[in-house]
Amino acid sequence: MVKKGRIALFFFIVALMATGIALLVRPVISDVNLGLDLQGGFEVLYEVEPINEGDTINDEALLSTTTALNERVNTIGVSEPTIQIEGDNRIRVQLAGVQDQESAREILATGGELTIRDVDDNILLDGSDLTQNGSSASLHADTNQPIVTLTLDDGDQFGEITQELSQRPDNENLLVMWLDFEEGDSYEEERLKEDPKFLSAASVRQPLFTRNVMIEGNFTTEETRFLAEILNAGSLPVDLNEIYSTSVGASLGEQAMKQTVNAGLIGVALIFIYMIMYYRFPGVIAVITLSAYTFLVLVIFNALNAVLTLPGIAALILGVGMAVDANIITYERVREEIKTGKSIKSAYKVGGRRSFATIFDANITTLIAAGVMFYFGTSSVQGFAVMLIISILVSFLTAVWGSRVLLGLWVDSKFLNKRPGWFGVKRGEIDEL
Amino acid sequence: MSFNPEKWNVDLTKHRRKFFVGSGLTVIIGIVLLFTMGLNLGVDFESGSNVEIQTDEPLTQEQVLADFEAIDIDDSYVPSVTLGGDQSQNASARFVDEFSQQEIALIQSYFDEKYGHSPNISTVSPLVGEELAQNALLSVLIASVAIVIYIAFRFQFLYGISAIIGLLHDAFIIIALFSLLQIEINVPFIAAVLTVVGYSINDTIVTFDRMRENVNKEKEINSFERLAHIVNKSLLQVITRSINTVLTVLFASLALFIFGGEAIRSFSLALVIGLVAGTYSSMFLCAQMWLVWEWKRLKKIKSKPPKQPEEEYI
């Protein structure tokens, strides 16, 4: 008796998967962040050097610099730039899809310039008057409001400025804080806008002879932290020294991408055809689980917000290879067992169990290699390792477990009993017990 | 499409000396090549600038050189220009100097105006590419040690050593062939080598797994022929799987090589070479090395007289 319920369940699962993939494949593929080599864009690697001898470049300085660069990138209007710290003193900036590289370069390379001005836009203080890394976000002792505190190099200078300001009438006694004030900007114009270019404007009612300045405003905690980082970056006199740059024209990148995708599709189609021709019915199962594998890898890849580059594609190919390999190892084992004269059911059981140990060891060793590459590697090597780790884990889920569940339903249904041909085994090859 | 290699009357272990000598010679030739011809390091590894020009019409070297002369760039040094694409619509010019930002801007606007495509310009100080390569090498070496430890724990120390030799062999073959063919080495090439390393170790472990299983089935192995027979049998048992796996992965990499475009051609070529080398080394190097070493080890154990418990002498 063939248990039709199992087969029905199989088709139900497959239909469910197919619908899920069909519905989600477009948004998932369009969500994949393409690296510069596939999309075109601009990449620079900076070496961070202190401008004054004796200053040190520490993690804090690097973090503040990336924040400042991020701010800068936002003004260019690039979505999702990648700004990474590498080693002790390097920052890699990747701007995918940037057309105007020259202005991007200029905006990036000029340090964060903080100025404090009066309402007539005259400079009162600038970034060089701030103590290095002297800004921090905190809460007001009385009101519990998020505030930003600054430390100045010279308290007397600030006292004089605030003394002068405090004598002005309301609305003119303001300390206006600007980040990257450009020729032509003005407080008068900006204050009417909903999202003014200046950071804050605080009124001064009394002279403050102190080195510690507090900025109050309607800030959220997030905003104050952001502001503090920017101020630190702005006040940080780092030199950004360009040591590597590369640009990929949009059309070249696009061409590379199109060709790579087409080539990938041809390759996968060949794999599918081969698997079905050689392994027959299990080959069909392999095709189903491989499709699920490719889809899931991309979903997880997107969830990690990773960027797909050529090395990433290399890892994806290796992953496909390992997923196919897991299927091949299992099916070969099952075939061997069928040939020794076992029933389909026990051949499937024994074959599955024995092949699992093999796949496990093979994948763990590759996982170790990937883990080491991730830990010790940088940039491309690390990106490769991430993709490889995802591939191995997902192939375990789909090609090992998924394949087993799906094929198991058919084996349990007893439909395959007496049908060794479905496994690509000829009757003449089976030893009589 | 079914064949049964187990019934083949082939002795793969008999020819092991030829495999060792062949691979040894290949490695020696590779080392000689590296020292004489060296590697054609791309701009990723050497200081300088690279300008990739794209047009809709065929280009000639003279034309490109004339273009650079026209913008008065780097007149002390004539750049090396290579043409690519189906009808030479792509050109790549290498300069030993690192361009300044002004020079880059100048080149970009000039070619954009003239050919309607903005060229790709990379400048690099050699430090960065070298660091990446060193880093990749270091990672592979540390990974090798970690893998040996894992295999020694799960299998046996000798399996680990032979697997790692196979892995290094495969990576080296790619590098040697790229030296012979003088194909430019860039960052994606490193990714290709890493991929092959991953594949090689995967493939070797599958082969070893079957050898271990068959060895464990035997009660006692008392002759070299017996051990060789077990290894041979294991190889024949996994050969279908090895061929099918490498074929499917080759489909993908060959498709990338043929249809994937200029940008990844050298990358996919490295993959194709490495995958074939990886399958070869698993069966014909790693397994055979293990066979020889394992037999030496067994012989040593046997030749040792069994230890007498000390109590007897008291």
Quiz prompt | Where B:Lys18 falls short, out of the listed (1) at pLDDT 80 or above; (2) open to solvent by 80 Å² or more (accessible area, probe 1.4 Å); (3) within 16 Å of B:Glu184 (Cα to Cα) | solution = (3)
Practice problem: Output the number of the condition that A:Met322 fails; it satisfies all remaining conditions of (1) facing another protein chain (nearest Cβ under 10 Å); (2) surrounded by fewer than 19 Cβ atoms within 10 Å (Cβ to Cβ). | Solution: (2)
Quiz item: Do the conditions hold for A:Val386, that is, is it open to solvent by 20 Å² or more (accessible area, probe 1.4 Å), within 30 Å of B:Phe267 (Cα to Cα) and touching a residue at least 40 places away in the same chain (Cβ under 8 Å)?
Solution: yes
Quiz item: Cβ-Cβ below 9 Å, separation at least six or inter-chain, first residue in segment B:255-271 and buried (at least 24 other Cβ atoms within 10 Å of the Cβ), second part of a loop (DSSP other than H, G, I, E, B): which pairs?
Solution: B:Phe267/B:Asn186; B:Phe267/B:Gly260; B:Ser268/B:Gly260; B:Ala270/B:Ile183
Practice problem: Determine which member of the set B:Ile230, B:Ile221 is more than 12 Å from every other protein chain (Cβ to nearest Cβ) and modelled with pLDDT under 85. | Solution: B:Ile221
Quiz item: Any residue in segment B:148-171 that is modelled with pLDDT of 85 or more, touching a Gly at 6+ places or on another chain (Cβ under 9 Å) and acidic (Asp, Glu)?
Solution: yes
Practice problem: Of the numbered conditions (1) aliphatic (A, V, I, L, M); (2) open to solvent by 10 Å² or more (accessible area, probe 1.4 Å); (3) over 25 Å from B:Leu269 (Cα atoms), B:Leu227 fails exactly one; give the number of that condition. | Solution: (2)
Quiz item: Looking at this structure, is B:Ala277 at the interface with another protein chain (Cβ under 10 Å from one of its Cβ atoms), surrounded by 15 or more Cβ atoms within 10 Å (Cβ to Cβ) and touching a helix residue (DSSP H, G or I) at 6+ places or on another chain (Cβ under 6 Å)?
Solution: no
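Yes or no, residue by residue, for (1) more than 12 Å from chain B (Cβ to nearest Cβ); (2) surrounded by fewer than 19 Cβ atoms within 10 Å (Cβ to Cβ):
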residue: A:Ala263; (1), (2): no, no
residue: A:Ile266; (1), (2): no, yes
residue: A:Ala269; (1), (2): no, yes
residue: A:Ile285; (1), (2): yes, no
residue: A:Thr294; (1), (2): no, no
residue: A:Val297; (1), (2): yes, no
residue: A:Leu304; (1), (2): yes, yes
residue: A:Pro311; (1), (2): no, no
Exercise. Could you tell me whether segment A:361-369 includes any residue that is more than 22 Å from A:Ile7 (Cα to Cα), open to solvent by 20 Å² or more (accessible area, probe 1.4 Å), in contact (Cβ under 8 Å) with a residue 40 or more places away in the chain and within 33 Å of the chain's Cα centre (by Cα)?
Key: no
Exercise. Identify all residues within segment A:161-195 that are in contact with a Leu (Cβ under 6 Å, 6 or more places away or on another chain), more than 18 Å from A:Asn212 (Cα to Cα) and not in a loop (DSSP other than H, G, I, E, B); write none if there are none.
Key: A:Leu179
Quiz item: Residue check: is B:Val206 more than 14 Å from the chain's Cα centre (by Cα), among the aliphatic types (A, V, I, L, M) and at the interface with chain A (Cβ under 9 Å from one of its Cβ atoms)?
Solution: yes
Practice problem: Take segment B:98-110 and flag every residue that is among the aromatic types (Phe, Trp, Tyr) and more than 10 Å from every other protein chain (Cβ to nearest Cβ). | Solution: B:Tyr110
Quiz prompt | A:Phe158 aromatic (Phe, Trp, Tyr) and closer than 15 Å to A:Arg211 by Cα | solution = yes
Self-check item: Residue under evaluation A:Tyr46, criteria (1) within 14 Å of chain B (Cβ to nearest Cβ); (2) at pLDDT 80 or above; (3) open to solvent by 30 Å² or more (accessible area, probe 1.4 Å), criterion not met
Solution: (3)
Quiz item: Which residues, taken from segment B:74-113, are charged (D, E, K, R), surrounded by fewer than 14 Cβ atoms within 10 Å (Cβ to Cβ) and either modelled with pLDDT of 70 or more or in contact with a Lys or Arg (Cβ under 9 Å, 6 or more places away or on another chain) (or both)?
Solution: B:Asp112, B:Glu113
Quiz item: Which of the residues belonging to segment B:150-177 are aromatic (Phe, Trp, Tyr) and surrounded by fewer than 24 Cβ atoms within 10 Å (Cβ to Cβ)?
Solution: B:Tyr150, B:Phe153, B:Phe155, B:Phe157, B:Phe172
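Quick grid of which residues meet (1) more than 18 Å from A:Ser291 (Cα to Cα); (2) modelled with pLDDT under 90; (3) out of contact with any Leu (no Cβ under 6 Å at 6 or more places or on another chain):
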site	(1), (2), (3)
A:Ala357	yes, yes, yes
A:Ala362	yes, yes, yes
A:Ile368	yes, yes, yes
A:Tyr375	yes, yes, yes
A:Ser379	yes, yes, yes
A:Val386	yes, yes, yes
A:Leu393	no, no, yes
A:Val400	no, yes, yes
A:Val405	no, yes, yes
Quiz item: Out of all the residues in segment B:231-242, is one or more assigned to a helix (DSSP H, G or I), under 30 Å from A:Gly377 (Cβ atoms) and open to solvent by less than 10 Å² (accessible area, probe 1.4 Å)?
Solution: yes
Exercise. For segment A:407-433, name all the residues that are in contact (Cβ under 8 Å) with a residue 24 or more places away in the chain and part of a helix (DSSP H, G or I).
Key: A:Leu407, A:Gly408, A:Leu409, A:Trp410, A:Val411, A:Asp412, A:Pro420, A:Gly421, A:Trp422, A:Phe423, A:Glu429
Quiz item: Residues A:Thr246, A:Thr289: which one is among the hydroxyl-bearing types (Ser, Thr, Tyr) and either within 15 Å of B:Ile258 (Cβ to Cβ) or at pLDDT below 90 (or both)?
Solution: A:Thr246
Quiz item: Which of (1) facing another protein chain (nearest Cβ under 10 Å); (2) within 28 Å of B:Ala192 (Cβ to Cβ) does A:Glu336 not meet, given it meets every other one?
Solution: (2)
Quiz item: In this structure, is A:Val350 surrounded by 19 or more Cβ atoms within 10 Å (Cβ to Cβ) and free of Cβ contacts under 8 Å to residues at least 40 places away in the same chain?
Solution: no
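The values are calculated or read from the model by the stated rules, or taken from the named source; none is laboratory data. Please read all numbers here as calculations on a predicted model, not as lab measurements. Backbone-built Cβ (ideal geometry, glycine too); neighbour counts: all protein chains shown. Heavy atoms of the whole protein, side chains included, go into the accessibility calculation; ligands, DNA and RNA do not. Shrake-Rupley method; radii C 1.70, N 1.55, O 1.52, S 1.80 Å.
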